[in-house]
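Rule-based calculations on the coordinates, nothing more; no lab input. Remember, predicted model here, so these are calculated numbers, not experimental data. FYI the Cβ positions are ideal-geometry reconstructions off the backbone, even for glycines, and counts take in every protein chain you see.
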Amino acid sequence: MNNNVNQNTDCSTCGKCADTEETQKQMQQETSKRAKLSNVDANGNPLYTFLIYSENTPGLLSQITAVYTRRQVNIESLNVCASSTPGVHKFTVTSYCTEEMAKMLTKQMEKRIEVLRASYYTDDEIFILETSLIKISTPRMLEEKNVGRIVRMHNAHIVEVNPTYATVEKTGITADILSLYDNLNQLGVVLQFVRSGRIAITKSRVEHLDEYLAERERERQNEL
Amino acid sequence: MAERISGAEALMRSLVNEGVETLFGYPGGAIMPVYDALYDYRDRLNHILVRHEQGAVHAAQGFARVSGKVGCAIVTSGPGATNTVTGIADAMIDSTPMVVICGQVGTSLLGTDAFQEVDVVGVTSPISKWSYQIRRAEDVAWAVSRAFYIAKSGRPGPVVLDFAKNAQTAMVDYEPAKVDFIRSYQPIPPMDKDVIKKAAQMINESVKPFVLVGQGVELGDAREELKEFLEKAQMPAGCTLLGLSALPSDHPLNMGMLGMHGNLGPNVMTNQCDLLIAVGMRFDDRVTGNLKTYAKQAKIIHFDIDPSEIDKNVKVDLAVLGDCKQTLAAVTELLDETTHQSWIDGFKPYAEKEYNKVIDKAIHPKSGALLMGEVVRKVSEASNNEAILVTDVGQNQMFGCRYFKFTKGRSVVTSGGCGTMGFGLPAAIGATFGAPERTVCLFCGDGGLQMTIQELGTIMEQGAPVKIILLNNNYLGNVRQWQAMFFNHRYSFTPMMNPDYELIAKAYGIPAKTVVERKDLDAAIKEMLSTDGPYLLQCAVLEEDNVLPMTPPGANVDCMMLEV
Ligand SMILES: Cc1ncc(C[n+]2csc(CCOP(=O)(O)OP(=O)(O)O)c2C)c(N)n1
Ligand SMILES: [Mg+2]
């Protein structure tokens, strides 16, 4: 890594430092490579985000993952937690597959007795977030003066520093997180890296789950 | 006032509440409290002791298929539970309502590799409609009611209850429960009026409509609705293996059986119709053959209760979701009364061709060894075409289904989606309990019979009037046929040395006879049908016979071989 200062480049974080041309170019390359990777897989299949709502009963996770594995679809990321509706769990799963497959997967999931709703989305239909932690070596960080700049340029935070290691936290979309990681990793400073599963909420103005539950409640009243 | 009883007794009460009268089971350590409670319920619950747990589930399936009720099996934990796995998978793919109750070790031992502990929910959840572990006596009433509701509603299927031993022994203030609503489960998708109109319009515009009749028609008790639907617009139909008795065999619009060993006409015409109307069937690969060329010329309408079946194998132009008893009737109302005479007449040459090249030879042989086809047709006719057909798997199954005739609904019990050898004998036992007033004829092979032959003990003990027709070809015939056709006649482990089946029957006190010569067949069948109780009729059939016609696996649906 050389230190040719490019005066035209502005660092948005401190306004004083400037990035090297090379570092920048490399960062861009990495980013675009990753961006491509995360939008479509080698077969040209898009990445779908599945939002699955279920009752909070044991064994649901393995039923849901079984729907994917049986149809040879890899799960890229998975997040499970309580939803805003009491007693309802929300699974956020991402997978590369054809739209036909995405449709089939959601129908098969809804077929499981305790699954309330399953739907799939492309990235433009949802707000997406992921978070990550990168543990880097403090001595190596001190040798590599670009580390601080890379962290700042990625809008990441150092949440802890001690003489042995520092912990960087970065929240954002997959491509940005991976770009930060790739850039730091190239400097050989990374000790550990962890990335969360994706979480997502829909951009729709209609809350489909609430409507579904209300509809089911009406049906229950009618049946009584 | 709630009564204080054990979880095991709560199970008995709950079963009685669900209307259960017949159970098939086998006891063991982890289910002993239940068997102890059962001892006091013998007046209300008829428990049939099978000889192997696989027999219990297949018997429950046979019971369910002919009665329309939920079949019920009770077994112990560990090996008892794993022995039911085949039947659970079979019931799942063939949409058979069944509740399997397995014992389980106490909750304090779960996860410790305790004696006869198996993760039954883990094993069965991918192959069942619902699988649940009862860990507290308080949950028994709720779980049982929910289990029966799930098993029988919507598209039926098997449910597993894994009953921990401590929940069996713990005391509970029993109150009956009634589950008929689960918010995350919509058994019948609502009927859409616009879709009904659109379907009727497509049918009214069609010149060459062809209807595929599946088991959904039987499961939905929609045989009458189907008939009216077909008759009003005079539409020809073909039946799947499991849908064979949904339409009387001799109905003028019944063009025969679909699929790999089905009839020529319905298979060929699938690729000539302009509108394909599938009712309660799932486009199994044994029905469609090569999907790339399947009914490409036609528009397709799919009536089904299960949304996940839509577009699964075959992309359709219109999905009519709902209970076919209602959707068929609703569409029928909007149909024009028409005839499609020339279209219907178009099936005739194929029927004649098949008759001359295949059927006549199969059912009216002049010389040589007995043939499976002739035996099946003779038994069918001798029972006035009113009997229940149960088959095992293999050539016996295909000949059975091709040449048996049906006049009544719920008359075919065969393992379709799973093709489970060993299904036949126990399923036939179950059928005799599910339809005690009817004759039950089982056709099985020498291979399949031996897979669950121990159930002859159940037949003996119960006097279950199963008419067992053993089509003995001394081969694993179906596999041998494939070896002959696709593996250069290399009969790798398909010839089989057989025991003396008459002696075996004798050991179980079951009357038996062997027919070798054609001239003795009629009398033997007559004797079998007029004998009270069980009977074993062994027919020494042609060893190297082939089931024809045949669509080779993966070939186009209209490319049927009529000879080898
Ligand atoms: C449990 C099981 N094992 C293996 C098979 C594969 N299989 C299908 S048909 C068949 C041969 C059946 O032989 P037999 O019962 O004698 O009937 P046949 O075809 O001779 O009438 C076999 C082995 C199967 N369907 N089920
Ligand atoms: Mg055989």
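Round to the nearest 0.05 the FRET efficiency obtained for residue B:369 and residue B:561 when R0 = 30 Å and r is the Cβ-Cβ distance. The pair residue B:369/residue B:561 has a calculated efficiency of 0.85. Summing Lys and Arg as +1 and Asp and Glu as -1 over all other residues whose Cβ lies under 10 Å from the Cβ of residue B:107 gives a net charge of +3.
Work out the FRET efficiency for residue B:221 and residue A:195 from their Cβ-Cβ distance, taking R0 = 45 Å, and round it to the nearest 0.05.
The value I calculate is 0.25.
Mean residue ellipticity at 222 nm, helices only, the protein assembly as shown: -10500 deg cm²/dmol; runs of at least 4 DSSP H residues each add -39,500 (n - 2.57), and the sum is divided by the number of residues.
Pairs exceeding a 28 Å alpha-carbon distance, out of A:103/B:178; B:312/B:467; B:296/B:353; B:198/B:408; A:107/B:198: A:103/B:178; B:312/B:467; B:198/B:408.
Treating r as the C-beta distance of residue B:342 and residue B:313 and R0 as 25 Å, the FRET efficiency rounds to 0.25.
Take every DSSP beta bridge with both residues inside segment B:369-540 and express the antiparallel ones as a percent of the total, to the nearest 5.
Looking only at bridges with both residues in segment B:369-540, the antiparallel portion is about 5 percent.
Shown in residue order for segment B:497-511 are the 3J(HN,Hα) couplings computed by the Karplus curve 6.51 cos²θ - 1.76 cosθ + 1.60 at θ = phi - 60°: 7, 10, x, 7, 5, 5, 5, 4, 4, 4, 4, 9, x, 9, x Hz (x for Gly and Pro). Rounded to whole numbers, the Karplus 3J(HN,Hα) couplings from phi for segment B:454-469 are 4, 6, 4, x, 5, 4, 4, 5, 8, x, 4, x, 7, 8, 8, 10 Hz, using 6.51 cos²θ - 1.76 cosθ + 1.60 with θ = phi - 60°, and x at Gly and Pro. Shape index of segment A:47-121: Rg/Rh, with Rg the Cα radius of gyration and Rh the Kirkwood radius from the inverse mean 1/r over Cα pairs, equals 0.93. Summing +1 for each Lys or Arg and -1 for each Asp or Glu among the other residues whose beta-carbon sits under 10 angstrom from that of residue B:418 gives -2. Measuring nothing but how far apart in sequence close Cα pairs (under 8 Å, 6+ apart) lie, relative to its length, segment B:369-540 scores a relative contact order of 23 percent.
Determine, for each peptide in B:240-248, B:125-133, the mean count of other beta carbons within 10 angstrom over its residues, then list the peptides with the highest first.
Details: B:240-248: 26.1, B:125-133: 22.4.
For the peptides B:240-248, B:125-133, the packing ranking is B:240-248, B:125-133.
Each Lys or Arg adds one and each Asp or Glu takes one away; over the other residues whose Cβ falls under 11 Å from the Cβ of residue B:262, this sums to +1.
The Cα atoms of segment B:193-348 define a convex hull whose projected area, averaged across directions, is 7.6 nm². How large is log10 of I(q)/I(0) for the protein assembly as shown at q = 0.05, 0.06, 0.08, 0.09 Å⁻¹ when the intensity is taken from the Debye formula with one equal scatterer per alpha-carbon? The computed values of log10 I(q)/I(0) come out as -0.34, -0.47, -0.78, -0.93.
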